[in-house]
Each structure stands twice: as C-alpha cells, then as structure tokens.
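Just so it is clear, none of the values below were taken in a lab; they were calculated from the coordinates. From a predicted model like this one, the values you see are computed outputs, not experimental measurements. Here Cβ is always computed from backbone atoms with ideal geometry, including for glycine, and neighbour counts include all displayed protein chains.
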Amino acid sequence: MKMILPGILLVLSCLIPITGGTDDVTQQWYYTQMSQNVVPPYKEAYTTLQQKVLNPLLTNVNTTNDTAVSQLVSSLTCSIQNLDDQLTTAVNESQKLRIQIDQNVVEAVAAVSAKEQQITAKQGEIHTKTTEIQGVQNQLTTAEQGLRDKQQGLADAENALRIAQEKVEEAKKCITGRRKKRWLGSIWNPIRDTITKPIQEILRPVQD
C-alpha cells in the first residue's frame with residue numbers, strides 16, 4: 001500500500017497536458033503514448049483498487065468470522081500485489097515517456113541549433129552576395145561614367161574637327177581668291193603695258 005499514493009500522484013502528474021510551445025504533432029504523439037502505455041495500467045490499478053480492495057473491505061467491515069476474515073485478507077493481499085504491479089507498470093511507462101520526451105527536447109534543441117547555424121550561414125552568404133552585387137554595381141557606375149566621359153570627349157573631338165574643317169574651307173576660299181587676283185593681274189598687266197601706257201603717254205602733253 002505504500003506505493004499506491006505516490007504512484008497515483010506520479011501517474012496523475014503525467015496526465016497533465018503538455019503546454020508551452022509544443023505543436024499539434026508533438027501533443028498528438030504525447031497523448032498517443034499516454035493512452036497506449038500509461039493510462040491502461042493505471043485504469044487497471046484503479047479498477048483493482050475499487051473492486052478488489054475497497055469494495056470487499058466495505059462489504060466485510062463487520063465480519064467476525066475467522067474463516068471469512070482469513071479469506072478476505074488473502075484476497076486483499078493478492079489484489080494489493082496486483083495493484084502494486086499495475087501501478088509500478090504505470091510509473092515505469094510514465095518514466096519511459098518522460099525520458100523519451102527529454103530526448104525529443106534535446107533533439108529538437110539540436111535541430112533548432114542546426115537550423116539557426118544554417119540560417120546564420122545563409123545570412124553570411126547573402127551578405128557576401130550583396131557585397132559582390134554592390135561591387136559590381138559600383139564597377140558598372142564607374143564604367144558608365146567612363147563611357148559618358150569618352151562620349152563627351154568624342155563630341156568635343158568632333159566639334160574640334162568641325163571647327164578645323166571650317167577653318168580649312170575658309171583658308172581654301174582665301175587661297176582661291178588670291179589665285180584669281182593673281183590670274184587677273186597676269187592678264188591685265190600686259191594689256192596695261194601695251195595699251196594703257198602708250199595712251200597715257202599720248203595724253204600726258206595734252207594734260208600738261
């Protein structure tokens with residue numbers, strides 16, 4: 001009888017629902033384990049206690065017959081032994097369940113830690129890729145600026161070339177004009193020497 005009360009208390013403590021962050025799958029597993037392994041021997045112990053210990057005691061509480069008392073004691077001894085065995089089974093199963101739960105918690109913590117490490121590693125990879133992308137963007141910005149500078153340089157060179165071509169055209173026009181003047185002079189000078197000068201010589205006395 002000494003193990004009856006502690007055993008019942010321990011079994012009842014195992015019947016308290018798990019709370020605090022467990023998900024539906026974990027709770028379902030817990031309830032399945034309880035209903036299959038812990039609750040059946042506890043129910044048997046309760047039935048034994050009620051039907052084979054308490055009821056016979058209440059029924060024969062006033063019995064004075066030695067034979068009846070002897071039979072009652074023998075029956076109660078056997079029933080109490082069965083009750084003790086059933087409670088021991090329930091307690092052992094509950095302890096196994098607690099050990100399994102502790103193991104599950106350890107595995108869950110390890111899994112969470114592994115996931116956190118994976119997340120940290122992924123975050124590091126993302127940071128590295130972000131840095132690389134930023135570097136490529138900076139290179140593109142520099143290349144675009146260099147391209148704009150080259151385009152501006154090309155525009156400046158084309159403008160300078162256009163100005164130079166205009167100056168060349170102007171120079172060509174000047175040279176062509178001078179050549180025309182020299183050509184007219186080459187024609188006019190002989191005429192002047194052969195015609196104009198004699199006329200001037202003839203007219204000079206008259207003018208005097």
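Numbers below:
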| item | result |
| --- | --- |
| Cα centroid separation, the range 137-173 to the range 88-132 (Å) | 66 |
| Normalised alpha carbon radius of gyration of the range 80-138 [divisor 2.2 N^0.38 Å] | 2.42 |
| When the range 36-94 is reduced to its Cα atoms, the Kirkwood hydrodynamic radius in Å | 12.1 |
| Volume per residue of the C-alpha convex hull in the range 19-155, rounded to whole Å³ | 108 |
| Estimated FRET transfer efficiency when R0 is 22 angstrom, pair Tyr31-Asp102 (beta carbons, to 0.05) | 0.80 |
| Low-density loop positions, GluC sites (Glu not before Pro), the range 54-154 - DSSP coil, at most 12 other Cβ in 10 Å | none |
